[in-house]
1. Listed residues THR29, THR98; which is within 16 Å of ligand 1 (Cβ to nearest atom) and in contact with a strand residue (DSSP E or B) (Cβ under 9 Å, 6 or more places away or on another chain)?
2. Hey, could you check the stretch 28-44 for residues that are touching a residue at least 24 places away in the same chain (Cβ under 8 Å) and assigned to a loop (DSSP other than H, G, I, E, B) and say which is farthest from ligand 2 (Cβ to nearest atom)?
3. For ALA65, state whether it is modelled with pLDDT of 90 or more and not in a loop (DSSP other than H, G, I, E, B).
4. Restricting attention to the stretch 32-70, and to residues there that are aliphatic (A, V, I, L, M) and farther than 27 Å from ASP22 by Cβ, which single residue is farthest from the chain's Cα centre (by Cα)?
5. Looking at the stretch 83-100, is at least one residue more than 16 Å from ligand 2 (Cβ to nearest atom), charged (D, E, K, R) and modelled with pLDDT under 90?
6. Which condition from (1) surrounded by 11 or more Cβ atoms within 10 Å (Cβ to Cβ); (2) assigned to a helix (DSSP H, G or I) is the one that ALA72 breaks?
7. Six or more apart or on different chains, Cβ atoms under 9 Å: show the pairs whose first residue is in the stretch 54-71 and outside the structural domain of CYS30 (by TED's automatic domain parsing) and charged (D, E, K, R) and whose second is at pLDDT 90 or above and part of a loop (DSSP other than H, G, I, E, B).
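The values are calculated or read from the model by the stated rules, or taken from the named source; none is laboratory data. Keep in mind that this is a model prediction, so the values were computed, not measured. Reconstructed Cβ throughout: ideal geometry from the backbone, glycine too, with neighbour counts over all protein chains shown.
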Amino acid sequence: MPETEPDSLKEFNRKTFADTPDIEDVNITCIDCGSQFVWTAGEQIFFRDKNLQNPPKRCKTCKQAKNERLSAIANAQNTGVKQKIEVAVYCATCGSYTTVPFYPSQGRPVYCRSCFLQMNPN
Ligand SMILES: [Zn+2]
Ligand SMILES: [Zn+2]
């Protein structure tokens, strides 16, 4: 008749034989908002399969917010490069010399700032 394993041995086995399917959900405190979120057993297995060593640090909301921040920074850097472009043009309305931060499309009129604002009051 089988003897029941002592809890400490179970714990030992769980830590030693990481391949046992005996993975439990883990509560993690988000480093951004401080709220607790569940790192599910399924996600832990996913992490292990991908050879990821570090458990997640952020809840899903904060992780998404962080990704959005990063892509916003990337976008800002991209547009920042474009904004360094200065193209000399003559205003199609008043004919004054001006520069624009983009390459005007062929055949499209370009306006100086004051004419542009007059046409687009908002
Ligand atoms: Zn969070
Ligand atoms: Zn003008």
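1. On the way: THR98 fails: within 16 Å of ligand 1 (Cβ to nearest atom).
Unique residue meeting the criteria: THR29.
2. My answer is SER35.
3. On the way: modelled with pLDDT of 90 or more: yes; not in a loop (DSSP other than H, G, I, E, B): yes.
So ALA65 passes the test.
4. Applying the filter and picking the extreme gives ALA65.
5. There is at least one residue in the stretch 83-100 that is more than 16 Å from ligand 2 (Cβ to nearest atom), charged (D, E, K, R) and modelled with pLDDT under 90.
6. Only one criterion is unmet by ALA72, namely (1).
7. none
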